[in-house]
Amino acid sequence: MQKSSAGGAAASGDSVQGFFCAALAFLIWGLSPVYWKTLSSVPAVEVLLHRIVWSFFFLVPIVVLEKNRGEFISALRSPRILRIMICTAVLISVNWLIFIWAVINGFILQASLGYYITPLLNVVMGMVFLRERLRRAQAVAVILTGMGVLYLTVRLGQFPWIALSLAFAFGSYGLIRKMAPVSALAGLSIETLLLFPVAAGWLAYLYATNRGAFLHMGYGIDLSLMASALVTAFPLLLFTLGARLLHLSTLGFMQYIVPSCYFLFAVLVYRESVSPAQVTTFFLIWTGLAIYSADSALFYKKNFRFTSK
């Protein structure tokens, strides 16, 4: 097993700066439902289009002007990497659209469930597509999650499509993204670049037909739509910095800040109803995640100690 991407930090322990950056990134992502709720008067598809366009204007100049531009340009010149990035661009846009729609329409609890499921779904995808072997604890965690989703479906008579769609879209994104040797910042910049012509053209059509929200619903909405670039890119920059200074096991535990914030907002702030079936489902999934996280921490500690000798 390789050492953490933190490099020197891996040998001496987690960096305080890295922990702060990663925690702030996860917290911004976790608080994002508050932001998307302010755009409830705008159709989710149009919010997505603005998110793509303004993220493009924010990200691409940063990548081009800094030392990452060599990586950015070489990736654009590689047909293989471009094909991969087209797939990931579609997947991340689907993930963004479902999440924005879920928040605007009062399904934050399902979004929370989806992002709790994602780490365990990644384990299953690794087994199916990368032929990775499941450790016993991982298998137990996956089984508990499957039981939770099945129980929710049977008890409520309703398939949790939002949660599973978010999990599958983001899980597939992560799986395919591994095939392209491009950093997170350069990768997202390329994805927004690929999506930009469609998004910009669609917005131009909406504006020409007087059906777009931008410049028609007040300065508050206009600024909020433009700020979608910051909500998208700023936490990514923080996460990239934090990931270089932290152990992978630490990042693994911290990632649950995001769905936990979603869960708390859904229940305490937006008063989404929680049925007994949902409580049981979350309990099964939380138990599975606890087993999975403990196993991952022990596995990482054991292998890191081995590789450090």
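Each reported figure results from applying straightforward, stated rules to the coordinates on display, with no laboratory input. Fair warning: this is a prediction, and the values are worked out from it, not measured in the lab. We place every Cβ from the backbone using ideal geometry, glycine too, and count neighbours over all the protein chains shown.
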Could you give the length gained on full extension between Ala139 and Thr280, defined as 0.36 nm per residue of separation minus the Cα-Cα distance, in nm?
48.8 nm
Give me the percent of Cα-Cα pairs in the stretch 10-157 that sit more than 23 Å apart, rounded to a whole number.
60
Mean Kyte hydropathy of -0.5 or more with a Cα span along the axis of at least 15 Å, helices from DSSP in the chain:
16-37, 44-65, 79-104, 108-129, 136-156, 161-177, 184-208, 228-244, 276-308
When the chain is fully extended, how far beyond the present Cα-Cα distance does Ser273 get from Val198, taking 0.36 nm per residue of separation?
23.3 nm
Difference of contour (0.36 nm per residue) and Cα-Cα distance, Phe20 to Val128:
35.4 nm
Charge sum, other residues only, whose C-beta stays under 13 Å from Leu109's C-beta, Lys/Arg counted +1 and Asp/Glu -1
0
Cβ-based exposure ranking for Cys21, Cys87, in which fewest neighbours within 10 Å come first
Cys87, Cys21
Arrange Ser275, Ser165, Ser55 by Cβ neighbour counts within 10 Å, fewest through most, would you?
Ser275, Ser165, Ser55
For Ala184 paired with Thr287, estimate the spin-label separation in nm (one decimal), with each label point 7 Å from Cα along the Cα-to-Cβ line.
3.2
In deg cm²/dmol and to the nearest 500, what is the mean residue ellipticity at 222 nm of the chain if only DSSP H runs of at least 4 residues count, each as -39500 (n - 2.57), divided by the residue total?
-26000 deg cm²/dmol
Measure off 7 Å from each Cα along the Cα-to-Cβ vector at Tyr207 and Leu223, then give the distance between these two points in nanometres to one decimal.
2.0
Between the alpha carbon centres of the stretch 84-156 and the stretch 237-292 the gap in Å comes to 12
